[in-house]
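J.: Right, I'll just put the structure down here and ask away after.
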Amino acid sequence: MRTCDICGMKEGRYKCPVCGRFVCEDDFDFEKNMCIACASARCEICGKNLAIGYCRICGRIGCEECLVEESPVSYICIDCARKFGIGIKPRKYRLGV
């Protein structure tokens, strides 16, 4: 029996398609089809990518595509930037590509 990679107690029956962990029924989010660790680290704006930080205005966690970097430690999500009229540079310029 393979044990759950999160709780370490129950049988790890489900493989997370995002990270590859084998987890038990309690640690698998069936709605999102991923382990609870990956589900809790997903961007709350697009739901596609893993989060890198949070919006200083609304507090939602967001990914590289959904957050605008104000400084090396401060981000604003694209929704709040639009709502409050904060200029958003195209992604290729934000990331220095």
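Computed from the coordinates by the stated procedures, all read-outs in this text should not be read as laboratory data. Not measured: the values here are computed from a predicted model. Neighbour counts run over all protein chains shown; Cβ positions are idealised from the backbone, glycine included.
J.: For the chain, what size does the Cα cloud have along each of its three principal axes, sorted from largest down, in whole Å?
T.: 54, 27, 21
J.: Taking the simple approach of a point 7 Å from Cα along Cα-to-Cβ for both Met1 and Ala37, what is their distance in nm?
T.: With each label point 7 Å from Cα toward Cβ, the separation is 2.1 nm.
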